[in-house]
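> Below is the structure I would like to discuss, written out as structure tokens.
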Amino acid sequence: EICDNGIDDDGDGFVDCQDQDCSSLVEFCPEGEEICHNGSDDDGDGQIDCDDSDCSEAPNCTGMDCAIDFAWANAPTAGCSDEETCTFHMFSGESPVPMCYPIRTPGFYGRCVATDVCNKGEVCMGNGCTPLCNDMSPDCPTYTAATMPQNTPVCKTKGIHPAFQPFSYCILKSMCHPVQQIGCDTQMWCKMEIDTMDVSASFTYCTSINGFLDEDEGCISNEECKDELVCFPTTGTCKKPCTTPEDCDEIKDCVMQGNTIGLCL
């Protein structure tokens, strides 16, 4: 979005300072102009978002069709009936698209057999509801569970499952153990994201996505690999995590990829 040309450059229905891409750029959008989809009275006139006359032409105030900007988990909804919310849907073999679906009970990262049981901003992939994200909307919903008291939701930045592109998806960084499969909720898998350039930057995380590829099958992302298997970037194949050689088949050795976790290679 170019913030001072009177044009909707990125095609999201918002022009200049009404676009969230511009709202924080004070050189173009000084404080005091009403932003029509953030739940705040930005111009101090006592009216918020669509109740403010300044927002009469904003797409989320005029019944605009459900669009990407309204489909994220943390976004306001638009273009749907009162019983529906604007969210994402994945048709077989196609990238996610925004669609209206019935409003669901709050809660994210659950199990699923179809997207219509997932919550706003999520799609069903590998039997797991997963919130979508990208560089422009990187915020991920929190996950609260007694079994996972410490986790950090982040938007995955590399090793993206090809089915999600051009989007990415949220994972829960955690000190889980990918060999013992402890530290994640029972409905999730512990995976290890391997940084081959700097193994100290490798980390573990929990995900509700479970793939279908077996050990040594070709992969691009961890989420394509079955159960505890991870995608090793060097070989582009699914590999089994290990801590000792006994975790591997006789013909393979446990090669460390960090301080405590290795792969059967």
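The values are calculated or read from the model by the stated rules, or taken from the named source; none is laboratory data. Since this is a predicted model, take the numbers as computed values, not measurements. Counting neighbours? That spans all protein chains shown, and the Cβs are built from the backbone with ideal geometry, glycine included. For accessibility, only protein heavy atoms count, side chains too; no ligands or nucleic acids. Shrake-Rupley method; radii C 1.70, N 1.55, O 1.52, S 1.80 Å.
> Per residue of the stretch 84-91, in order, report the coupling 6.51 cos²θ - 1.76 cosθ + 1.60 (Karplus, θ = phi - 60°) as ³J(HN,Hα) in whole Hz, putting x for Gly and Pro.
Result, rounded to whole Hz: 10, 9, 7, 9, 9, 9, 10, 7.
> Still on this structure: Specify whether the C-alpha gyration tensor of the stretch 127-216 places it in the rounded, prolate or oblate class, a ≥ b ≥ c being the square roots of the eigenvalues: rounded for a/c under 1.5, otherwise prolate if a/b is larger than b/c and oblate if not. Could you put the intermediate results ahead of the total?
Values: a/c = 1.29, a/b = 1.09, b/c = 1.18.
Rounded is the answer for the stretch 127-216, as its axis ratio a/c remains below 1.5.
> Please list, ordered by chain and number, the residues whose modelled amide H lies under 5 Å from the amide H of Lys173; skip anything fewer than 5 residues away on the same chain.
Here Thr152, Val154, Cys206 satisfy the definition.
> Is the stretch 198-265 best put as rounded, prolate or oblate by its Cα gyration tensor, with a ≥ b ≥ c the root eigenvalues, rounded for a/c under 1.5, and otherwise prolate when a/b is larger than b/c, oblate when not?
The shape class here is oblate.
> Any idea of the accessible area per residue across the stretch 147-251, 1.4 Å probe, to the nearest Å²?
48 Å²
> For Val179, what accessible area in Å² do you get when you roll a 1.4 Å probe over the heavy atoms of the protein chains, rounding to the nearest 10?
So the heavy atoms of Val179 present about 40 Å² to solvent.
> Sticking with this one: With a sphere of radius 9 Å drawn around the Cβ of Tyr205, what net charge do the other residues whose Cβ falls strictly inside it have (Lys, Arg +1; Asp, Glu -1)? Don't skip to the end; give the middle numbers.
Working: positive: Lys156, Lys173, Lys191; negative: Glu193.
Local charge sum for Tyr205: +2.
> Among rounded, prolate and oblate, which fits the stretch 163-206 when a ≥ b ≥ c are the square roots of the eigenvalues of its C-alpha gyration tensor, a/c under 1.5 means rounded, and a/b larger than b/c means prolate?
oblate
> Enumerate the amide H contacts of Asp9 below 5 Å, restricted to partners 5 or more residues apart or on another chain; note that Pro and chain-start residues carry no placed amide H.
Ile2, Asp16
> Still on this structure, please answer the following. Can you give me the long-range amide H partners of Met99? Hydrogens built in the peptide plane at 1.01 Å from N, cutoff under 5 Å, separation of 5 or more residues or another chain.
Amide H to amide H, under 5 Å and 5 or more residues apart or across chains, Met99 pairs with Thr87, Phe88, His89.
> May I ask you to list the chymotrypsin sites (Phe, Trp or Tyr not before Pro) in the stretch 197-241 that are in a DSSP loop and have at most 11 other Cβ atoms within 10 Å of their Cβ?
Phe212
> Using a 1.4 angstrom probe with every protein chain in place, what is the largest-first accessible-area order of Lys156, Lys252?
Lys252, Lys156
> What does the charge count near Cys190 come to, summing +1 for each Lys or Arg and -1 for each Asp or Glu among other residues with Cβ under 14 Å from its Cβ?
Charge balance near Cys190 sits at -1.
> Right, something else. Could you please report the charge total around Glu215, scoring K, R as +1 and D, E as -1 over all other residues with beta-carbon less than 11 angstrom from its beta-carbon? Could you put the intermediate results ahead of the total?
Numbers: positive: Lys226, Lys239, Lys240, Lys252; negative: Asp214, Asp216, Glu217, Asp227, Glu228, Asp249.
Result for the neighbourhood of Glu215: -2.
> Using a 10 Å cut-off on Cβ atoms, rank the peptides 80-90, 163-173, 44-54 from the highest mean neighbour count down.
Final packing ranking: 163-173, 80-90, 44-54.
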